[in-house]
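> After the C-alpha cells below, expect a handful of questions from me.
The values are calculated or read from the model by the stated rules, or taken from the named source; none is laboratory data. None of the values given here were measured: they were computed from a predicted structure. Please note: Cβ atoms are built from the backbone with ideal geometry, for glycine as well, and neighbour counts cover all protein chains shown. Heads up: the accessible areas ignore ligands, DNA and RNA and are worked out on the full protein's heavy atoms, side chains in. Shrake-Rupley method; radii C 1.70, N 1.55, O 1.52, S 1.80 Å.
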Amino acid sequence: MQLSRHPTSYPTLYQHIAAQLEQELRTQYHGGEYLPSEQRLAERYQVNRHTLRRAVDQLVERGWLQRRHGVGILVLMRPYDYPLHAQAHFSQNLLDQGSHPTSELLLAVLRPCGVPVASALCCEIGASVIHLRTLRRVNGVPLSVIDHYLPDLEWWPELQRFASGSLHEFIHARLGYKLARRQTRISARRAQTKESQLLEVANQIPLLCVRTLNTRGDTDRIAEYSFTLARADMIELTMEH
C-alpha cells in the first residue's frame with residue numbers, strides 16, 4: 001500500500017518579498033522612519049504593485065509597519081520593555097532604549113469623581129479631583145492615552161501650568177513630591193472610536209489597560225490614580241520580582 005504525500009508548501013512570491021523586507025527592517029531601518037513609496041519598492045523587487053502591497057500588508061499584520069494615510073509606510077519600533085517596579089520612570093526608560101518619548105496635555109479640569117475613581121482614591125463619590133489627560137508618543141508615534149486623577153486640590157494652581165513632558169517630573173520639580181508606584185492592575189479591551197483616532201490604530205483593536213495607584217514617596221498617602229490605554233503592539237510590560 002502506497003502512502004499519499006502532501007505536496008511541499010513553498011512560499012509565494014509576496015511572502016518571499018515580505019521575508020526579504022523584514023530582514024531589511026531588522027538591519028537597515030529604525031522605528032519612526034518611512035519606507036520608500038510602494039512604486040519604488042515594487043521596482044526594486046521587480047514585481048507589480050499588487051504583489052508588493054500584499055507583502056507590505058503581511059508586515060503590517062505582524063506589527064512591523066503601519067500605513068499612514070497621505071504620509072507613507074511607517075516603520076514601527078519593536079515593543080518597548082517597560083518594567084513595573086515602584087521606581088519605574090517611563091520617559092527615562094525609553095531614553096535608555098535609544099528612543100525619544102514626548103507627552104502632550106489634552107485635558108486639564110476639575111471634576112466630580114465617579115465610583116471607580118472615588119474607590120481608587122478612597123474619597124467620596126462626587127468629590128472634586130484634578131483630571132489631566134495626556135497623550136504619549138515615541139519617536140512621533142502615539143503610544144498611549146493616560147487619564148490622571150489627583151485628589152489634592154492644592155496642587156491645581158501649579159498643575160494648570162503643566163503642558164508637556166513627564167507629569168511626575170513636573171510634580172517633583174514644582175511641588176516637591178516624588179511619586180512611587182504602589183499598585184498596578186492590567187487588563188485589555190478593544191479601542192473605541194475616539195481612542196483609535198488618538199492612537200492611530202484600527203477601531204476595535206485590542207489595547208492594554210493599565211490602572212496604577214501612586215503614593216507620595218515613601219508614605220501611604222495616595223497622590224494619583226491613573227488609567228492608561230496603550231497600544232499592545234508597541235509595549236511589553238515586565239514584572240520584576
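> For residue 132, what accessible surface area do you get with a 1.4 Å probe? Give it in Å², rounded to 10.
Result for residue 132: roughly 0 Å² accessible.
> Still on this structure, I have one more. Quantify, in whole percent, the carbon and sulfur part of the accessible surface of the chain (1.4 Å probe; protein heavy atoms only).
49
> Here is a further query. Within region 44-76, list the residues whose amide N lies under 13 Å from a label point set 7 Å along Cα→Cβ of residue 22.
The answer is 55-65, whose backbone nitrogens lie closer than 13 Å to the label point.
> For the chain, would you read off the P(r) tail past 24 Å as a percentage of all alpha carbon pairs?
Tail of P(r) above 24 Å: 55 percent of Cα pairs.
> Can you give the longest stretch of the chain with no exposed loop site, where a site means trypsin sites (Lys or Arg not before Pro) in a DSSP loop (not H, G, I, E or B) with at most 13 other C-beta atoms within 10 Å?
63-160
> Another question, then. Please determine, in degrees from 0 to 90 and to the nearest 10, the orientation of helix 13-28 with respect to the longest principal axis defined by the Cα atoms of the chain, where the helix direction is its Cα long axis.
50
> Given +1 on the Cβ of Lys and Arg, -1 on the Cβ of Asp and Glu, and no further charges, what dipole in debye does region 121-224 carry about its Cα centre, rounded to the nearest 20?
Roughly 340 debye, rounded to the nearest 20.
> Turning to a different aspect of this structure: With charges only on Cβ, +1 for K and R and -1 for D and E, what is the dipole size of region 95-161 about its Cα centre, in debye, rounded to 20?
Result for region 95-161 is approximately 260 debye, rounded to the nearest 20.
> Now for a separate question. Using the heavy atoms of the protein chains and a 1.4 angstrom probe, tell me the accessible area per residue for the chain in square angstrom.
I get 58 Å² per residue for the chain.
> Under the Karplus relation 6.51 cos²θ - 1.76 cosθ + 1.60, θ = phi - 60°, what is the ordered set of whole-Hz ³J(HN,Hα) values for region 52-64, x standing for Gly and Pro?
Each residue's phi maps through the Karplus curve to give 4, 4, 5, 5, 5, 4, 5, 6, 5, 5, 7, x, 7 Hz.
> Taking the alpha-carbon set of region 97-143, what are its Rg and Dmax in Å?
Final numbers for Rg and Dmax: 14.9, 43 Å.
> Per the Debye formula with a single identical scatterer at each Cα and no solvent contribution, what log10 I(q)/I(0) holds for region 184-241 at q = 0.18 Å⁻¹?
Once normalised to I(0) and log-transformed, intensities are -0.69.
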